[in-house]
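Read the structure below first, then the notes.
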Amino acid sequence: MKLYLDTSDYNLIQELAKTGLVDGVTTNPTNLSKKGGSPRQVIEKIFEVLPHGTISLEVTEKDPEKLYAQARALSKLKDTVLVKIPCHIAYYPTIKRLVDDGIKLNITLVFSVAQVMWMAKLGVHTISPFVGRLEEIGQNGISFLSDLCALRNQYGFQSKILAASLRTAAQVEQAMLLGVDAITIAPKLFQELTHHELTDKGIAQFEHDWRSLGSNIQFP
């Protein structure tokens, strides 16, 4: 399973990449705008701190022809780029053109089984269902994700399922158990998932017990 950080904060990316667990980054217009400055410079910095990571970059154009040109330009920035395109019917013909061109796409804002099937039929590289946003409107996002994994297993399509909009540690762990191909989470949630209070308590107990032996004990 691939782990992506959902952020454009290259300082955080650099720090968390030291764990050896980070496979890439997903960006979008929102988190790029929060970082501020030139989006191109931010992207170049992300490439620098995560040189071998998969980086998802989202289109901002709305006209299909302009979107097509922008997607091709984004794909040429680095061979590890996945171009993010919203799953909207207006872009389906453009998505097909880009797939035929060999451009690796990450289709975003996916909320239904049918959307996943359509994108799998088009042969996109990655499909990103948004779990948390479904939960916000009263639907069961994890059940949806389970359906998608069953769909993938039933039809054997090659598109990767990237669980996005995961808001809690429980959602992340349920996504892992379902067998998704990748997850993307905020750095804060990643840091939360690296800790457990019983681990901290156990370390403190071991240290206390070892020190109780005295300072002259040699080991090994």
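The values are calculated or read from the model by the stated rules, or taken from the named source; none is laboratory data. Everything quoted here is computed from the prediction, not taken from an experiment. Ideal geometry is used to build each Cβ from the backbone, glycine not excepted, and the neighbour counts take in all protein chains shown. We work out accessible area using only protein heavy atoms, side chains counted, and drop any ligands, DNA or RNA first. Shrake-Rupley method; radii C 1.70, N 1.55, O 1.52, S 1.80 Å.
Some values worked out for this structure:
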quantity	calculated
Verdict on residue 177 being out of contact with any Ser or Thr (no Cβ under 9 Å at 6 or more places or on another chain), at pLDDT 95 or above, open to solvent by 70 Å² or more (accessible area, probe 1.4 Å) and on the phi < 0 side of the Ramachandran plot	yes
Breaking point among (1) in contact with a Gly (Cβ under 9 Å, 6 or more places away or on another chain); (2) part of a helix (DSSP H, G or I), for residue 207	(1)
Matching residues, the range 22-39, being small (Gly, Ala, Ser) and either buried (at least 18 other Cβ atoms within 10 Å of the Cβ) or not in a loop (DSSP other than H, G, I, E, B) (or both)	24, 33
Verdict on residue 78 being among the basic types (Lys, Arg), closer than 25 Å to residue 148 by Cβ, at pLDDT 95 or above and crowded, with 16+ Cβ neighbours inside 10 Å	no
Qualifying residues in the range 40-64 (those that are in contact (Cβ under 8 Å) with a residue 24 or more places away in the chain and assigned to a helix (DSSP H, G or I)) - the one farthest from the chain's Cα centre (by Cα)	64
Some residue of the range 120-137 being part of a helix (DSSP H, G or I), open to solvent by 30 Å² or more (accessible area, probe 1.4 Å) and small (Gly, Ala, Ser)	no
The one condition in (1) within 15 Å of residue 165 (Cβ to Cβ); (2) touching a residue at least 40 places away in the same chain (Cβ under 8 Å); (3) of a type in the set (Ser, Thr, Tyr) that residue 112 fails to fulfil	(2)
Candidates 147, 200, 209, filtered to the one that is farther than 22 Å from residue 25 by Cα, open to solvent by 20 Å² or more (accessible area, probe 1.4 Å) and touching a helix residue (DSSP H, G or I) at 6+ places or on another chain (Cβ under 7 Å)	147
Selection from the range 1-21 of residues that are closer than 16 Å to residue 82 by Cα and open to solvent by less than 50 Å² (accessible area, probe 1.4 Å)	3, 4, 5, 7, 8
Search result, residues across the range 40-60 that are within 24 Å of residue 98 (Cα to Cα) and open to solvent by 70 Å² or more (accessible area, probe 1.4 Å)	40, 44, 52, 60
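Residue-by-condition table, conditions (1) among the β-branched types (Val, Ile, Thr); (2) under 26 Å from residue 13 (Cβ atoms); (3) in contact with a Pro (Cβ under 8 Å, 6 or more places away or on another chain); (4) in contact (Cβ under 8 Å) with a residue 24 or more places away in the chain:
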| residue | (1), (2), (3), (4) |
| --- | --- |
| 140 | no, no, no, no |
| 159 | no, yes, no, yes |
| 187 | no, yes, no, yes |
| 196 | no, yes, no, no |
| 200 | no, yes, no, no |
| 206 | no, no, no, no |
| 213 | no, no, no, no |
